[in-house]
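Nothing in this text is a laboratory measurement; each read-out follows from the coordinates by a stated rule. Nothing here was measured: the structure is a model prediction, and the numbers come from that model. As a convention, Cβ positions derive from the backbone with ideal geometry for all residues, glycine included, and neighbour counts pool all protein chains shown.
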């Protein structure tokens, strides 16, 4: 590349941002830029600086610390969350409130709870594949990667099955408009907010009779036993788990399948490993796919509560800071051959799910869904191939997430598998 700074956040950039990030790491590792929304922010691109910034308590998650006179101040965060009164969630608060709310939510993502949820994830995975297996073609984003985490997180929260298609519609609106006008997203957010408030109210009234073990019921019980969780906080928590939980997993599955299809030798090694009942390569492989082309391109917003230095660069108080996980996870100072997909990579402390106190609370569930989705696809559709040229694929615009709009594939048609009888 030339000495001129690359253009950022164009459609061409979205297709392959990694050369631009390599330029930034070398020439401007803490880089001030104007985002498409009009907000000025600092991009942190080197691994060591990124890891420091993610754990630096001088960088607040609370938008109140954004400089008052900053351009585009109202255009940070998730579209619609301000107007829908959904600001008090884990992505927007600091300790001690963050500590209190995270402690509550973490109870839903214990190793035991995730392990108990595994059969439901396998059931959903097989049901979705059954829906297109006989056809011999599919769009793996809309028919597989998108509905799987939606239905899974709805089950975890305790959304009744008859209402889950509404959530799928609202989430689809958020995905379709994530890189475009914020109005469509905001309307979906408000619908989600209204539904969640009503569901929380109904579950609170019925809690004594039903004793449900879902996450919303657990949050209500905690608030009834001294944790002081308001209904607004409960709604915001459920909303962010939906918002963060489904899109990150869509992208993990979509980006992961895409990377395997573009790297046939690695895909063949994984299929051979799984055919012999060895899941070791799948375990390291999920981590490598998160590093190589992860679901989250930039960590969510942080704001300097005081002047500080990152990577030798002075960051003024009130300025937004965005840690570029995708750039840090391909830093050659930390990873050998960072642009090479190596599913057996062992030394892999990637930042795909963050670092520090804001490390993704839903990471165990996302990993379970990712492992199950990839293993089942490769087993049931072993000759899976891209149905278009790689250059014809389109990536969603947007700032935080990285994911494909569609992933058309074809394969030998196969009959649905008979249901497993317990």
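GNM on the chain, alpha-carbon springs under 10 angstrom: the most fluctuating residue among 187, 202, 25 is 202.
The fewest-to-most ranking of 154, 238 by surrounding Cβ atoms within 10 Å reads 154, 238.
A straight chain from residue 313 to residue 99 at 0.36 nm per residue would run longer than the Cα-Cα distance by 74.1 nm.
Ordered by the count of other Cβ atoms within 10 Å of each Cβ, fewest first, 195, 359, 292, 21 give 359, 195, 21, 292.
Springs join every pair of Cα atoms under 10 Å in this Gaussian network model of the chain, and among 281, 365, 59 the largest mean-square fluctuation is at 281.
With neighbours defined as other Cβ atoms within 10 Å of a residue's Cβ, the residues 314, 162, 288 order from fewest to most as 162, 314, 288. Pick out which of 115, 373, 304 has the largest mean-square fluctuation in a Gaussian network model of the chain, springs linking Cα atoms closer than 10 Å. Of 115, 373, 304, the Gaussian network model singles out 115 as fluctuating most. Using the average count of surrounding beta-carbon atoms within 10 Å as a protection proxy, the listed peptides 315-327, 403-415 rank, highest first, as 315-327, 403-415.
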